Each structure stands twice: as C-alpha cells, then as structure tokens.
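J.: To start, I am sharing the structure in question, which I have written as structure tokens.
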Amino acid sequence: MRSTPRAWFGISKSWNPPVERVIVHADMNSYFASVEQAHRPGLRGKPVIVTADPYGNPKGRRSVVAAASYEAKKFGIKSGMPLFEALKLCPQAILIGGNPHKYAYLSRRLYQLLKSYSDLVEVYSIDEAFLDVTHTQHLFGGAEKLAFELKERVKKELGITCSVGVAPNKLVAKMASEWQKPDGLTIVKKEDLPEILWEKPVEEIIGIGEKRKLKLARMGIRTIGELAHTSPVTLRQVFGIVGEYLYNAAWGRDDQPVNPFPPSPKSLSHSLTVEKNLKTFEEKQALLLYLIDDLAFRLRQEGFKAGKVAVGLRFLDLSFKFKEVTLSPPTSNTRRLFAYALKAMEGLPSELPARLIAVAFSSFQSLKEEQLSLFEESSKECLKDKTKDEIIKRFGPETLFYASSLKIKPFLFKGPAATGLT
Ligand SMILES: [Mg+2]
C-alpha cells in the first residue's frame with residue numbers, strides 16, 4: 001500500500017484529505033459602459049465612453065475614460081486613458097458622465113444574485129467577485145452548468161454580460177475569466193495545471209505589472225513556463241517574499257480562501273469638483289445636501305450610523321480646508337447628518353468661492369445597536385429615509401432627490417454631452 005501524506009508529515013489524527021476546490025470568478029464586461037447600454041437602448045451597438053468625472057463635464061480637460069464599451073474598445077480605447085486621447089482614436093464616441101450611484105446599486109444586486117450560488121462570495125471589486133462553489137455545485141448539476149446559469153441570470157436580470165473563469169483556486173479562476181471576453185466561460189481542471197498556464201505571458205499573473213515584467217524580462221523570463229522553471233531561490237533573492245508567490249503562481253498553486261467577510265469600512269466619503277465656482281453660501285449648501293443625501297443612502301445600505309461628519313472645501317488657490325463635527329448621538333438620518341454638516345461648513349471660510357466640496361462620515365456604529373437612539377430610529381424622519389431608500393433601490397437613484405438639488409445643476413452640467421443624471 002502507498003504511504004499517505006499523513007505518514008510523511010507525521011500528522012496522525014486530524015489530517016483530512018484535501019478536497020479539490022471549485023472556485024468561480026465572475027467579471028462583468030466593460031461594466032459601467034454595459035450598464036449604460038442596458039439602461040439606454042439607443043446606446044447599444046455604439047462606441048460609448050463612460051468618463052470618470054462624475055456628473056462633471058465629460059468633455060472636461062481633466063476627464064479620463066472610466067470604461068469603454070466593446071464597440072469603443074475596438075478603436076483601441078482603454079480604461080484610464082485621458083479622454084482627449086480616446087477622442088483622437090474615436091471622435092464619434094458617445095460620452096456619458098459616469099453615475100457611481102447606479103453602478104454601486106447594481107453591484108449590490110449582482111452580489112445578491114451571486115449569493116444564490118454559494119454563501120462564500122467575495123466581492124473583489126465593483127464588478128468582480130469570487131465564489132467558492134465546492135460544496136454547492138452539485139445542487140446546480142456541476143460547476144459548468146452552474147456557471148452557465150449564473151451568466152444567463154446576470155444577462156437576464158441585470159442586462160449585462162460577464163466573463164467567468166472556473167478553476168481549483170482564485171488565482172487561476174481570475175486568470176481564466178480573462179481568456180474569453182466578452183461573455184466567455186473558461187473552465188480549468190486540476191489536471192490541466194500547470195501546463196495550461198505555461199504558454200501565457202508572465203503579466204497574466206495578478207501582481208505582475210510593468211515594473212516586475214521588465215525585471216523578469218531582464219532575467220530572460222517572458223512566459224509563465226519560463227518563470228516556473230526558474231529557481232525559487234533566485235526569485236526570492238530578486239523579488240523577496242513576492243518571489244515565492246510568483247513561483248507558486250507559475251505552477252498554478254494558490255490556497256487563498258474565498259473571504260466572504262470584507263473588512264467593514266472605517267469611513268465613507270464623497271466629493272465633487274464643480275464646473276462653475278461655488279460663490280455663495282447657498283450654492284455650497286445646495287451641493288452639500290446633494291452629497292449628504294447620496295452618502296447617507298450608502299451609509300444606511302452599509303448598515304451604519306455615523307458619529308462624525310467632516311466637510312472640506314477646496315478654494316480657487318487650490319488650498320483645502322476641512323472641519324469635522326461629532327454627532328451626539330450617532331445617526332443615519334439624512335436631515336440630521338445635513339444639519340451637522342452645515343455646522344461644520346459654517347466653521348470654514350465658506351464665503352470664499354470654492355471649486356470642490358468633500359464630505360466624509362466616520363466613527364461608525366452598527367444600525368442594529370439601538371441604544372439611546374431607539375427614539376430616533378422610530379421617528380418619522382427615519383421612516384422617510386427608509387421609504388426613500390426603497391424607492392431608490394427599486395427605481396434607481398435619479399428618481400427621488402431634494403428639490404434644492406436642482407439648484408446645483410448649473411454647477412455640474414456644461415455642454416450638451418453631459419448626461420450624468422438622466
Ligand atoms: Mg470587469
């Protein structure tokens with residue numbers, strides 16, 4: 001009889017044979033642009049660029065490409081590219097001012113959908129997640145059927161496509177989801193590893209950016225196969241602890257678990273640079289309410305009350321000043337948060353023209369901890385918040401807002417292409 005690893009490692013009682021894991025990585029395709037195309041049929045099939053200057057002037061000089069639709073990508077447009085460069089490649093591209101509210105909301109819906117396939121879902125970014133389906137795949141007829149169903153549901157329920165990778169670990173699942181885009185599905189079995197990786201260029205390994213790629217190239221290493229056949233000692237000498245990771249990655253090894261508990265945020269913040277300087281206190285007040293309204297919604301969705309509110313202003317000479325106030329008791333109510341934010345803003349030279357307002361909430365307390373604020377949570381105000389949140393969740397963030405927010409329009413919109421709030 002063959003000796004078992006139990007004997008090799010001298011472990012006697014608690015050793016369990018390792019279960020082969022099945023990890024799914026789902027990555028939404030051209031997320032922001034796809035969401036806009038799903039919501040506005042007129043944009044489908046057209047080169048669309050979502051700009052990273054939220055609500056600002058999408059044609060503004062400071063703007064960059066936040067996402068490009070597949071039709072725009074064909075012209076060589078990439079995320080992160082300055083907008084003027086992208087427009088040189090494709091002057092007819094349709095520009096959309098990004099709407100982070102909407103993308104975050106859809107991302108939460110996506111998370112709920114993914115949760116129906118496993119309790120172990122790790123949100124990796126706004127449009128990507130890992131699922132450990134090792135113990136649930138059989139309920140869906142195996143990993144492949146599960147992945148197909150998941151893709152179909154994302155298409156049907158959110159109107160967007162995603163690329164999916166299935167593999168024995170997170171590292172390979174993420175790499176595999178890149179291999180077929182858009183709308184792809186790649187399944188890597190344990191027996192395909194590590195050879196399936198070896199033809200690929202080293203930069204496909206997560207964590208190998210331009211710098212490390214260059215360093216490896218200088219060592220004559222361009223493919224993952226070449227990396228796998230480099231001495232781990234050498235890699236360790238050159239890259240330190242990362243060298244060990246690189247060596248294991250080249251052999252398709254990764255034992256990081258899917259972590260369904262992301263660290264809870266310590267603060268939430270939001271800021272806006274305006275197109276037209278904010279001159280009066282009233283103008284600043286209107287924009288402040290707009291920001292607080294948005295951030296308070298996020299705060300409640302995260303399940304927190306804030307104990308501190310900070311407001312910052314950037315002036316025309318680019319200096320930045322901020323003031324923080326403590327809330328007693330902490331709250332998640334928009335009106336109270338706004339009242340405290342106003343107090344903070346009064347402590348700033350708010351008569352000076354400003355070009356940016358920033359708001360941050362911190363010192364969080366769970367919404368579930370009722371304590372003394374039991375009163376507050378049951379008040380009419382909180383009921384108003386809850387009702388408003390429900391409407392926003394159902395019909396989208398632009399359906400309900402404070403009338404005074406209309407006053408800020410001239411500061412946010414300029415030029416016919418700005419469509420951030422449509
Ligand atoms: Mg993506």
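J.: Applying the Karplus parametrisation 6.51 cos²θ - 1.76 cosθ + 1.60 with θ = phi - 60° to the phi angles of the stretch 173-184, what ³J(HN,Hα) value in whole Hz is obtained for each residue in order, glycine and proline being reported as x?
T.: Per-residue couplings from phi come out as 4, 5, 5, 5, 5, 7, 6, 10, 9, x, 6, x Hz.
J.: In Å, what is the Rg of the alpha-carbon atoms in the chain, and how long is Dmax?
T.: For the chain, the Cα radius of gyration and maximum Cα-Cα distance read 25.0, 85 Å.
J.: Further question: Regarding the stretch 198-250, what are the three Cα extents along the principal axes, ordered largest first, in Å?
T.: Here the Cα extents, ordered largest to smallest, are 23, 20, 19 Å.
J.: At a temperature of 20 °C and a viscosity of 1.002 mPa s, determine how fast the stretch 189-279 diffuses translationally according to Stokes-Einstein, using the Kirkwood radius over alpha-carbon pairs as Rh; express D in µm²/s, rounded to the nearest whole number.
T.: D = 135 µm²/s.
J.: Here's something else I'd like to know. List the GluC sites (Glu not before Pro) in the stretch 162-200 that DSSP assigns to loop (not H, G, I, E or B) and whose Cβ has at most 11 other Cβ atoms within 10 Å. Which are they?
T.: Glu199
J.: When the Karplus curve 6.51 cos²θ - 1.76 cosθ + 1.60 is applied with θ = phi - 60°, which whole-Hz ³J(HN,Hα) does each residue of the stretch 386-392 get, with x for Gly and Pro?
T.: Ordered by residue, 3J(HN,Hα) equals 4, 4, 4, 4, 4, 5, 5 Hz.
J.: Please identify every one of the trypsin sites (Lys or Arg not before Pro) in the stretch 140-189 that sits in a loop by DSSP and has no more than 13 other beta carbons within 10 Å of its own beta carbon.
T.: Lys189
J.: As a test of the formula, what do you get for the chain when each DSSP H run with n ≥ 4 contributes -39,500 (n - 2.57) and the sum is divided by the residue count, at 222 nm and rounded to the nearest 500 deg cm²/dmol?
T.: So the calculated ellipticity at 222 nm is -11000 deg cm²/dmol.
J.: Per-residue HN-Hα couplings for the stretch 107-122, Karplus 6.51 cos²θ - 1.76 cosθ + 1.60 at θ = phi - 60°, whole Hz, x for Gly and Pro?
T.: Coupling constants for the stretch 107-122: 5, 5, 5, 4, 4, 4, 4, 5, 4, 6, 9, 5, 6, 8, 10, 10 Hz.
J.: Quick one: plug the Kirkwood hydrodynamic radius of the stretch 98-217 (C-alpha pairs) into Stokes-Einstein at 20 °C, 1.002 mPa s, and report D in µm²/s.
T.: Translational diffusion coefficient: 138 µm²/s.
J.: Of Val164, Tyr111, Leu197, which is farthest along the charge dipole of the stretch 102-197 in the positive direction, counting Lys and Arg as +1 and Asp and Glu as -1 at C-beta?
T.: After comparing all options, I get Tyr111.
J.: Normalised by the number of residues in the chain, what is the relative contact order in percent for Cα pairs under 8 Å and 6+ residues apart?
T.: 16 percent
J.: Please report the projected area of the stretch 31-100's Cα convex hull averaged over all directions, in nm².
T.: Average projection, Cα convex hull of the stretch 31-100: 3.9 nm².
Every number in this text was worked out from the coordinates using simple rules, so none of it is lab data. All values reported here derive from a predicted model rather than from experimental measurement. Don't worry about glycine lacking a Cβ; one is built from the backbone with ideal geometry, like all the others, and counts go over all protein chains shown.
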